[in-house]
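All remarks here apply to the structure that follows.
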Amino acid sequence: LSQAPFIFGYAKPVPVNFAALRNPRADMAWVAIAGPAINIVLAILAALAFHLLGLAPAAATQWIFDNLKNALVINAILAVFNMFPLPPLDGGRIAVSILPDVIARPLARLEPYGMLVLITLIILAPLLGNQLGTNLNFVSQAISAATGFVIRTVLLLTFNT
């Protein structure tokens, strides 16, 4: 609707009942890894489904291929993006769970500002870099490289079976 060259959105964090966790700090890492893990599982399932394209009607093959490719790419991006080590993203919660207190506490206090920091790193820093004639697009480049690695790995695993 905005005709912007990018779309940015996010969901509210999943509420967690910390009282149900035996060791809340350590167990939060397991809770946080569940989202990216299911994204990887869905990417693998999409890649495995490519093997079934021969069973599809010829008229639907390209449409199915495009949707499977989108499912693979979107789930890989979500898995990598959500592992970025900044609260409230899953990677930030994992980092807070496993880092020593001296580092984990200040990182945890960033959570209310995490999305603002992320938008600054992904959108505003590259725009500023363009004005200054320097590349400040390092976060997007890292996410892109990691996503490419995940996609190549998933395809390698599923097409060598």
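The values are calculated or read from the model by the stated rules, or taken from the named source; none is laboratory data. Here the structure is a predicted model, which means the values were calculated and not measured. For neighbour counting, all protein chains shown are included, and Cβ atoms are generated from backbone atoms with ideal geometry for every residue, glycine included. Only protein heavy atoms, including side chains, enter the accessible area calculation; ligands, DNA and RNA are left aside. Shrake-Rupley method; radii C 1.70, N 1.55, O 1.52, S 1.80 Å.
Residues being among the basic types (Lys, Arg), open to solvent by 70 Å² or more (accessible area, probe 1.4 Å) and within 25 Å of Pro24 (Cβ to Cβ): count how many of those fall in region 64-122. Of the residues in region 64-122, 2 are among the basic types (Lys, Arg), open to solvent by 70 Å² or more (accessible area, probe 1.4 Å) and within 25 Å of Pro24 (Cβ to Cβ). Which one is nearest to Phe65 (Cα to Cα), of the residues in region 116-161 that are in a helix (DSSP H, G or I) and among the small types (Gly, Ala, Ser)? Restricting to residues being in a helix (DSSP H, G or I) and among the small types (Gly, Ala, Ser), the top hit is Gly148. The number of residues in region 36-61 being of a type in the set (A, V, I, L, M, F, W, C) and within 30 Å of Gly92 (Cα to Cα) comes to 10. Could you tell me whether any residue of region 14-36 is hydrophobic (A, V, I, L, M, F, W, C), within 13 Å of the chain's Cα centre (by Cα) and closer than 15 Å to Thr147 by Cα? Checked against the condition, which is being hydrophobic (A, V, I, L, M, F, W, C), within 13 Å of the chain's Cα centre (by Cα) and closer than 15 Å to Thr147 by Cα, region 14-36 yields no hits at all. Take the conditions (1) modelled with pLDDT under 95; (2) closer than 30 Å to Leu157 by Cα; (3) loosely packed, with under 14 Cβ neighbours inside 10 Å; Met28 misses just one of them, which is (3). Ala20: small (Gly, Ala, Ser) and open to solvent by less than 60 Å² (accessible area, probe 1.4 Å), yes or no? So Ala20 fails the test.
Close Cβ contacts (under 6 Å, 6 or more residues apart or on different chains) running from residues in region 137-161 that are without any contact (Cβ under 8 Å) to a residue 40 or more places away in the chain to residues that are surrounded by 12 or more Cβ atoms within 10 Å (Cβ to Cβ) and in a helix (DSSP H, G or I) comprise Asn137/Pro126; Ser140/Ile122.
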